[in-house]
1. So which helices (runs of 4 or more DSSP H) are wholly in the stretch A:193-302 and hold at least 1 residues that are touching a helix residue (DSSP H, G or I) at 6+ places or on another chain (Cβ under 7 Å) and buried (at least 24 other Cβ atoms within 10 Å of the Cβ)?
2. Looking at A:124, A:135, can you tell me which residue is in contact (Cβ under 8 Å) with a residue 24 or more places away in the chain, in a helix (DSSP H, G or I) and more than 29 Å from residue B:283 (Cα to Cα)?
3. So how many residues does the stretch B:102-115 have that are at the interface with chain A (Cβ under 7 Å from one of its Cβ atoms) and under 20 Å from residue B:69 (Cα atoms)?
4. Is there any pair with a first residue in the stretch B:179-197 that is free of Cβ contacts under 8 Å to residues at least 40 places away in the same chain and a second that is surrounded by 15 or more Cβ atoms within 10 Å (Cβ to Cβ) and part of a helix (DSSP H, G or I) whose Cβ atoms are under 8 Å apart and which are 6 or more apart or on different chains, and what are they?
5. Can you tell me which residue in the stretch A:91-101 is surrounded by the most Cβ atoms within 10 Å (Cβ to Cβ), limited to those that are assigned to a helix (DSSP H, G or I) and within 13 Å of chain B (Cβ to nearest Cβ)?
6. Would you mind stating whether residue B:286 is at pLDDT 85 or above, under 24 Å from residue B:21 (Cβ atoms) and more than 18 Å from the chain's Cα centre (by Cα)?
7. Examine the stretch A:218-230 for a residue that is closer than 26 Å to residue A:123 by Cα, touching a residue at least 12 places away in the same chain (Cβ under 8 Å) and under 23 Å from the mean Cα position of the chain (by Cα), and state whether such a residue exists.
């Protein structure tokens, strides 16, 4: 059977012994280009000039000091959430809940800032940092617990909890936490000065960037220089092998999800403390979802996530800058989805090579 | 009179459950074939926006519905190509489909947000059946798209368990290598069912924008695609149980809405809005527990790309 099918097929996929290094660079770049072409098709079909739109997007993101600083500002939550997602994905734990974990982190940090407004900065900021991580981590522990205990599909539970977290924050900012002097807008009162992350160079770029860079470093150390990181990688490669090696998978599910959620929670903390200076409706425009693409595009590598986040930050800022001229805001998420599509399709090229002609040296058909 | 309110609520539950039912039936088809398509939410949105735009422009809801099927089938075929031919990771590809579908629908529908649909499906009271006390009002005073699910659900059940193609469908989901050896074309059939499943998801989306709303709003599915995915597990891949589950969720949706309207109840509306999502989690936990204990459930090859050379 296999012999006949092999001799019939003229084009074959042959597994590479090692993933191709060249392809792992070419594929992401080509994916982005192809996605832009798809976007151009839809843009021109709806009466826009794609090249002008892209040029405007590029200038919006990189053409000015403000644009560049905004790109970094948008990249920070993507980095933190992306790092969180990557560590879970490494273990094949599909944490789609970064968005909700981000909201809960923002909630935790805001609770500290609003409940103890008199705290000095050197206590306030660490407390907000801790509360943000803790709330994000605990929120991720809910699906982790059900996954570890009863194998409940974490894709669905993490995603459902996103909606719950967003409604919870909405409840607070439309209800008990609403700023009485806020003209009925869904936002809390401004945090005290002490609850504000310091910024650099007079821009909106805040200490959250340092959080992200340090987190990436710490994550890299954990992954490649600790026993825990080794366990995470083994479980990701083969849960069965990990089980036989005596690795406690359930414990790792809980730990990794907590870490994953804590990083997303930190993203939420840095958004409220660094950018908004209050909790408000729609504190994240979907960073938790974009971060999934960031993590995958970066092949789950911590340092690559930092780099890729800048690109996606630029995409978001570029998207904002063309909205004024009537280009739908959804263009950006359409482009993001298309990038991921091409990336997934191209991945086969990283792990396989195309061979032409009948199969050789496989007469046994096994 | 208390009675008639409950009947009206149950009839509304059927209406609210129908988009989820369409999507869940579609996902059952894909998963029975061994392909986990998490892009339901995206496909529903593509169906919703296409259905609305076409129906709005042509003033023909049936044509809108038909085009919605084609559009969502088209995006499902992209997913099929990536996961079946290129063997891409099904979880991540499904997410990509949802992100892309959300973006694409928002892009296409921007000019149509909030516009009411001038012509929609008319309620058709079925003579005879609608006269049945209580049940008649709950089930037989609806629009044609609901009646379509009354035919589709038993048909799919019969197809799965009592026909040869249905047997092949289950075979490629349980053990594709064995099915392949029996001469069943695993790749072609997986394509077929993933695309068909996508069309049904699009039908669910179109139901939202053509009948339930009937208007277009960005992200108007509000997680119903994901609820449908969870429901498939609850339904242990059985069309009839999917129907029951969909009405259960439709009921919770309706209940949350009418509780909100009844201002005497002082539960903040945000907590009521959380209900369907929390219920999904609870239902998922219970049904996962049950499938584990009873050793029934997921198709054996669910989520695993079929690779002829590695069997």
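1. On the way: elements: A:208-225, A:227-237, A:239-244, A:249-271, A:287-297.
Of the helices (runs of 4 or more DSSP H) lying wholly inside the stretch A:193-302, those with at least 1 residues that are touching a helix residue (DSSP H, G or I) at 6+ places or on another chain (Cβ under 7 Å) and buried (at least 24 other Cβ atoms within 10 Å of the Cβ) span A:208-225, A:227-237, A:249-271, A:287-297.
2. Numbers: A:135 fails: more than 29 Å from residue B:283 (Cα to Cα).
So the residue among A:124, A:135 that is in contact (Cβ under 8 Å) with a residue 24 or more places away in the chain, in a helix (DSSP H, G or I) and more than 29 Å from residue B:283 (Cα to Cα) is A:124.
3. If we filter the stretch B:102-115 for residues that are at the interface with chain A (Cβ under 7 Å from one of its Cβ atoms), which is where we start, we get B:102-104, B:106-107, B:110.
Then drop every residue that is not under 20 Å from residue B:69 (Cα atoms), which leaves B:102-104, B:106-107.
Final tally of qualifying residues: 5.
4. Pairs that qualify, where the first residue is free of Cβ contacts under 8 Å to residues at least 40 places away in the same chain and the partner is surrounded by 15 or more Cβ atoms within 10 Å (Cβ to Cβ) and part of a helix (DSSP H, G or I), are B:179/B:168; B:179/B:171; B:179/B:172; B:179/B:186; B:182/B:171; B:184/B:168; B:184/B:171; B:184/B:172.
5. Initially, the stretch A:91-101 is screened for residues assigned to a helix (DSSP H, G or I), giving A:98-101.
Next cut, within 13 Å of chain B (Cβ to nearest Cβ) only: A:98-100.
Values: A:98: 37, A:99: 28, A:100: 32.
Residue satisfying both the conditions and the ranking: A:98.
6. Details: at pLDDT 85 or above: yes; under 24 Å from residue B:21 (Cβ atoms): yes; more than 18 Å from the chain's Cα centre (by Cα): yes.
Yes, satisfied.
7. Residues of the stretch A:218-230 closer than 26 Å to residue A:123 by Cα: A:218-219.
Add one more test, that the residue is touching a residue at least 12 places away in the same chain (Cβ under 8 Å), and what stays is A:219.
Next cut, under 23 Å from the mean Cα position of the chain (by Cα) only: A:219.
Yes, because at least one residue in the stretch A:218-230 is closer than 26 Å to residue A:123 by Cα, touching a residue at least 12 places away in the same chain (Cβ under 8 Å) and under 23 Å from the mean Cα position of the chain (by Cα).
Condition check ((1) within 21 Å of residue B:108 (Cβ to Cβ); (2) within 14 Å of chain B (Cβ to nearest Cβ); (3) at pLDDT 85 or above) across all residues:
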site: A:7; (1), (2), (3): no, yes, no
site: A:22; (1), (2), (3): no, no, no
site: A:25; (1), (2), (3): no, no, no
site: A:38; (1), (2), (3): yes, yes, yes
site: A:43; (1), (2), (3): yes, yes, yes
site: A:49; (1), (2), (3): yes, no, yes
site: A:62; (1), (2), (3): no, no, yes
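The values are calculated or read from the model by the stated rules, or taken from the named source; none is laboratory data. These figures come from a predicted structure and were not determined experimentally. Don't worry about glycine lacking a Cβ; one is built from the backbone with ideal geometry, like all the others, and counts go over all protein chains shown.
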